[in-house]
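Heads up: the structure comes next, in structure tokens.
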Amino acid sequence: MFQDFKFGARTLARNPGFTALAVLMLALGIGANTAIFSVLYGVLLRPLPYAEPARIVQLSEVSGGLWDEMDVTYPELEFLEQHHEPFEAIAGTTNVGLTVVAGNRAEHVDALRVSPEYFRVFQGVPLHGRTFIPDDDRETAGSVAVLSNGLWKRLFAADPAVIGRTVLMDGAPYTVIGVMPPEFAAARPVDVWTTLAPVAHTVGSGENIAVVARLAPGVELAQARAAIDSLNGEFRRRFPQTLGKEGFLDLFRMQDVVVQDVKKPILILFAAVALVLLVACANVASMMLGRAAGRGREMAVRAALGASSGRLVRQLLAESALIATAAGVVGTAFAQWGLTALLTLAPDGMLHVRDIHVDVRALFFTFSVSMLAGLLSGLVPALQSSRADLNEPLKDAAGRTTTGGRRKLLRDALVVAEVALSLILLVGAGLLLRTFRNLVTNTPGFEAGRVLSAEIWLNGTSYDSSEKMAAFSRELTGRLAAQPGVNAAAILEAGLPLERGGNVGVQLDGQWIHASVDYRAVTPEFFRALGVPLRQGRVFAEADGALGEPVAIVNASFARRFAADAALEHNVKVGGSDVAPRRVVGVVGDVKSFVGLPAQPTVFIPVAQTPYGLFRIFEGWFPTHVLVRTDGNPLALAATVRKTIEQMDSQVPVGRVRSMEQVLSTSLALQQFLMVLVGIFAALAVTLAMTGVYGLISYLVTQRTREIGIRLALGAGPADVWRRVLGRGMALAGIGVAAGAAGAWATAQMITGLLFGVKTNDPATFGGVIAAVTVAAALACAVPAWRASRVDPMVALRHE
């Protein structure tokens, strides 16, 4: 074996061009696969950082064959806690936001309200103090909190004496009872944990509760699912409004729930780079087949001297293994560089960067892929060489070589496969490109240009009533409107367009609307600041205050769906059956809450008329946004907006300050990320495939030089030779295009959920890609065909 590798190294060193090209081709495929595998493992496969994470499950709802996280109410959580037999511990959680004040510093943080069993579910042991006990989680109990390690260090300088200290959170006193160690984190990172029951019967915190549990020792997931399934009938009887007609309760491992939003995009990228590697392997295999044909005499002499077929195969596989090993080393460097670039391109929040790096597992994966690539690219040429007829090479004069029919067929098949695989990738990239173009050109319902948005959170006794909140909003918008270059300033509560927002129960003329209705509270200048058109009636005015008539505005989707486009004749109740009805005074254009999805029916109410309880509910989930329309670049006013808010109240935290164009760009980030990466991989695959086509036709020209000379000597013209050679290459490309189109149609079904405004069988995309691949193949064939047409017959006849 050592002799085989030693001889293989010498042979490859004598052919540096061939070796370098083969190593480079495989290294590109191996590097891309290693980089995406690092992401795949870090995001999808890496176990959650808890003890026995496979035993942690989450309640979900299954309907119509699809599943998603399920939110329950507090009474429903209590029902499930009473049926805890399959579980060692079961807990409810709901995400909120809290403004923490430490000294003169205020910071808005992500928090999690949890029931007492939460830390048992995740086996969390505090670094200092303790976690929750049942007595903490009573409606009459005082508010207590457990801090994350990061917040403890950031706001409290890692002082252990913080245990027992009272800290203001959202203006209310909380007693700190524990600090968690740095390695403990929620599945979606948070800074503070607090109790659930004290707010369990409020509108917001008593709903939207996720249920997590740890399976009891010895209980398998299937057993727990069966136990939950047996509760479906009783649950539906007691809570008839919760599950849809076809919905039912189920359990899924926490790992699957956490990664479900990014699982499909990452698997698509992994499939794309796997295709790139297959194209690279096919290309190198085709090169090695050609090289093996040139070594026919050598193999024949070895066999004549007693070498067995297995011995010949081992010799050739040693060479392919050396190529693959070198490609693995180079590919590792490519992977490190590519991973850095990939993490830079990835949308914020999509990937947990701290969990993604080229580690030992990635290196083992690289080694495995390298050996597999070496086997795939070297085995067929080796087997072909070991089975060749030994008599012909020995009889060929001066070592003249020929290519057998079987070897020729294999080389043709490899080139066809390369073209087909590259076309599949190009179609995927084309569909994603069309999707991105459709999303960019699809109007969000507002004018994004020259608008600035800033996040703020109102908290504490300074803002403990609707009147105080309205007064702050009036003063802030007035100060901002007076700034040079400002055309309009407004306040928006409960979510920003194109980002997750609030929804609420709505009655129309006393009848509940059994559909999701979005809710927003705004100041009068909101519609002008965002450029939202008025369709009917009027917008809010300063007179629509606490003492004025309760009013509301609905969007066109609401009016069309629920009021037959006659919304001004109706009234609505927002947030409960015991609130006063609001007269609908206007209908405005649709503003989208999510890019690529139709606008939801939406109800707007004036900030000055917002019930304080409703404000507090949504303030826990969504920041309040300050919107400013300017004459020029909105980001030039960012410092002014921050300074104005700080001058009014230094205890009001200011979050992200962005232009609405940045918000729009962020909403398109996932589609852009996929489009760019799949496009890069497709371009790489096409380049490799066309290199393979070029290499095959060039090899055929070299092999048939004498034949071409005879044809020319017998009267064939250069154009005849050019057409004959070009026709051979285009025939193979045509077969590859046909096979690739069929494969692309089937593969496109994988990305259906990521497309917008384009079908998976889009004729324009398929036609454009087929045309592009055909032209590229023609160019790859044209150069060697032209070279063949220029052969001098006398030189060709003396060629051997």
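The values are calculated or read from the model by the stated rules, or taken from the named source; none is laboratory data. The structure displayed is predicted, hence computed values, not measured ones. Every residue, glycine among them, receives a Cβ derived from its backbone with ideal geometry; neighbour counts consider all protein chains shown. Side chains are part of the model used for accessible areas, which takes the heavy atoms of the whole protein and leaves out ligands, DNA and RNA. Shrake-Rupley method; radii C 1.70, N 1.55, O 1.52, S 1.80 Å.
Screening residue 622 on (1) crowded, with 21+ Cβ neighbours inside 10 Å; (2) modelled with pLDDT of 90 or more; (3) out of contact with any helix residue (DSSP H, G or I) (no Cβ under 8 Å at 6 or more places or on another chain) shows it passes everything except condition (2). For first residues located in the range 508-525 and over 30 Å from residue 475 (Cβ atoms), partners that are assigned to a loop (DSSP other than H, G, I, E, B) and lie 6+ apart or on another chain with Cβ distances below 6 Å form the pairs 508/570; 509/570; 517/601.
Answer yes if at least one residue in the range 509-521 is touching a Phe, Trp or Tyr at 6+ places or on another chain (Cβ under 7 Å), among the aromatic types (Phe, Trp, Tyr), surrounded by fewer than 23 Cβ atoms within 10 Å (Cβ to Cβ) and farther than 15 Å from residue 605 by Cα, and no otherwise. So far as the range 509-521 goes, no, none of its residues is touching a Phe, Trp or Tyr at 6+ places or on another chain (Cβ under 7 Å), among the aromatic types (Phe, Trp, Tyr), surrounded by fewer than 23 Cβ atoms within 10 Å (Cβ to Cβ) and farther than 15 Å from residue 605 by Cα. Screening 709, 692, 727 for residues that are under 19 Å from residue 778 (Cβ atoms), modelled with pLDDT under 85, small (Gly, Ala, Ser) and assigned to a helix (DSSP H, G or I) leaves exactly one candidate, 692. Scanning the range 651-668 for residues that are within 24 Å of residue 22 (Cα to Cα) and among the hydrophobic types (A, V, I, L, M, F, W, C) turns up nothing.
When the range 646-684 is limited to residues that are closer than 30 Å to residue 170 by Cβ and hydrophobic (A, V, I, L, M, F, W, C), the one that is nearest to the chain's Cα centre (by Cα) turns out to be 663.
Residues in the range 574-589 that are in contact (Cβ under 8 Å) with a residue 40 or more places away in the chain and buried (at least 19 other Cβ atoms within 10 Å of the Cβ): 574, 575, 584, 585, 586, 587, 588. Kindly evaluate residue 756 against the criterion of being in a helix (DSSP H, G or I) and among the aromatic types (Phe, Trp, Tyr). Criteria not met by residue 756.
Here's the yes/no breakdown for (1) closer than 30 Å to residue 170 by Cβ; (2) surrounded by fewer than 17 Cβ atoms within 10 Å (Cβ to Cβ); (3) touching a strand residue (DSSP E or B) at 6+ places or on another chain (Cβ under 8 Å):
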| residue | (1), (2), (3) |
| --- | --- |
| 430 | no, no, no |
| 467 | yes, yes, no |
| 492 | yes, no, yes |
| 498 | yes, no, no |
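Residues of the range 344-365 that are part of a helix (DSSP H, G or I) and open to solvent by less than 40 Å² (accessible area, probe 1.4 Å): 355, 362, 365. Among the residues of the range 622-630, at least one is outside any strand (DSSP E or B), under 28 Å from residue 544 (Cα atoms) and not aliphatic (A, V, I, L, M).
Taken over the range 740-772, the criterion of being open to solvent by 30 Å² or more (accessible area, probe 1.4 Å) and of a type in the set (S, T, N, Q) is satisfied by 747, 749, 752, 761. All conditions in (1) at pLDDT 85 or above; (2) more than 17 Å from residue 83 (Cβ to Cβ); (3) open to solvent by less than 20 Å² (accessible area, probe 1.4 Å) hold for residue 252, with the sole exception of (3). Counting only helices (runs of 4 or more DSSP H) that sit wholly inside the range 1-107, those with at least 1 residues that are over 30 Å from residue 244 (Cβ atoms), in contact with a Leu (Cβ under 9 Å, 6 or more places away or on another chain) and open to solvent by 10 Å² or more (accessible area, probe 1.4 Å) are 2-13, 16-40. In this structure, residue 306 does not qualify as open to solvent by 50 Å² or more (accessible area, probe 1.4 Å), without any contact (Cβ under 8 Å) to a residue 60 or more places away in the chain and within 16 Å of the chain's Cα centre (by Cα).
Checked across the range 274-294, the condition of being open to solvent by 50 Å² or more (accessible area, probe 1.4 Å), in contact (Cβ under 8 Å) with a residue 24 or more places away in the chain and among the β-branched types (Val, Ile, Thr) holds for no residue. With respect to the stated conditions, residue 141 fails to be farther than 30 Å from residue 54 by Cβ, buried (at least 17 other Cβ atoms within 10 Å of the Cβ) and not aromatic (Phe, Trp, Tyr).
What are the residues in the range 636-666 that are among the aliphatic types (A, V, I, L, M) and closer than 19 Å to residue 492 by Cα, if any?
Here is the first cut: in the range 636-666, the ones among the aliphatic types (A, V, I, L, M) are 636-639, 641, 645, 648, 652, 654, 657, 660, 663-664.
Of everything in the range 636-666, those that are among the aliphatic types (A, V, I, L, M) and closer than 19 Å to residue 492 by Cα turn out to be 637, 638, 641, 645, 648, 652, 654, 657, 660, 663, 664.
Scoring residue 482 on the criteria (1) within 18 Å of residue 612 (Cα to Cα); (2) open to solvent by 10 Å² or more (accessible area, probe 1.4 Å); (3) hydrophobic (A, V, I, L, M, F, W, C); (4) at pLDDT 90 or above leaves a single failure, condition (1).
From the set of residues in the range 188-203 that are over 32 Å from the mean Cα position of the chain (by Cα), β-branched (Val, Ile, Thr) and open to solvent by 10 Å² or more (accessible area, probe 1.4 Å), which is modelled with the lowest pLDDT?
Pass one, the range 188-203, residues over 32 Å from the mean Cα position of the chain (by Cα): 195, 197-203.
In the following step, the residues that additionally are β-branched (Val, Ile, Thr) were identified as 195, 199, 202-203.
Narrowing the set further to residues that are open to solvent by 10 Å² or more (accessible area, probe 1.4 Å) leaves 199, 202-203.
Values: 199: 70, 202: 62, 203: 48.
Out of the qualifying residues, it is 203.
Anything in the range 598-619 that is closer than 11 Å to residue 575 by Cβ and part of a helix (DSSP H, G or I)? List them, or say none. Steps first, please.
First, pick out the residues of the range 598-619 that are closer than 11 Å to residue 575 by Cβ: 603, 605, 610-611, 613-615, 617-618.
Correct list: 613, 614, 615, 617, 618.
Restricting the range 672-711 to residues that are open to solvent by less than 40 Å² (accessible area, probe 1.4 Å) and of a type in the set (S, T, N, Q), the residue that is nearest to residue 758 (Cα to Cα) is 698. Checking the structure you have, find out if any residue of the range 309-330 is of a type in the set (Gly, Ala, Ser), closer than 30 Å to residue 499 by Cα and surrounded by fewer than 20 Cβ atoms within 10 Å (Cβ to Cβ). Within the range 309-330, none of the residues are of a type in the set (Gly, Ala, Ser), closer than 30 Å to residue 499 by Cα and surrounded by fewer than 20 Cβ atoms within 10 Å (Cβ to Cβ). Pairs linking a residue in the range 133-146 that is without any contact (Cβ under 8 Å) to a residue 60 or more places away in the chain and assigned to a loop (DSSP other than H, G, I, E, B) to a residue that is surrounded by 11 or more Cβ atoms within 10 Å (Cβ to Cβ) and among the hydroxyl-bearing types (Ser, Thr, Tyr), with Cβ atoms under 8 Å and 6 or more positions apart or on different chains, are 141/195; 142/175; 143/174; 143/175; 143/194; 143/195.
Those residues that are under 54 Å from the mean Cα position of the chain (by Cα) and open to solvent by 20 Å² or more (accessible area, probe 1.4 Å), I need them from the range 712-724; list them, please.
Narrowing the range 712-724 to residues under 54 Å from the mean Cα position of the chain (by Cα): 718-724.
718, 719, 720, 722, 723, 724 - these are the residues of the range 712-724 that are under 54 Å from the mean Cα position of the chain (by Cα) and open to solvent by 20 Å² or more (accessible area, probe 1.4 Å).
Residues of the range 532-555 that are free of Cβ contacts under 8 Å to residues at least 40 places away in the same chain, touching a strand residue (DSSP E or B) at 6+ places or on another chain (Cβ under 8 Å) and aliphatic (A, V, I, L, M): none at all.
Can you name every residue in the range 450-461 that is modelled with pLDDT under 90 and farther than 19 Å from residue 643 by Cα? Can you show your working first?
First, the residues of the range 450-461 that are modelled with pLDDT under 90: 457-461.
Hits for the range 450-461 are 460, 461.
Scan the range 108-129 for residues that are open to solvent by 50 Å² or more (accessible area, probe 1.4 Å) and closer than 14 Å to residue 184 by Cα and the total you get is 5.
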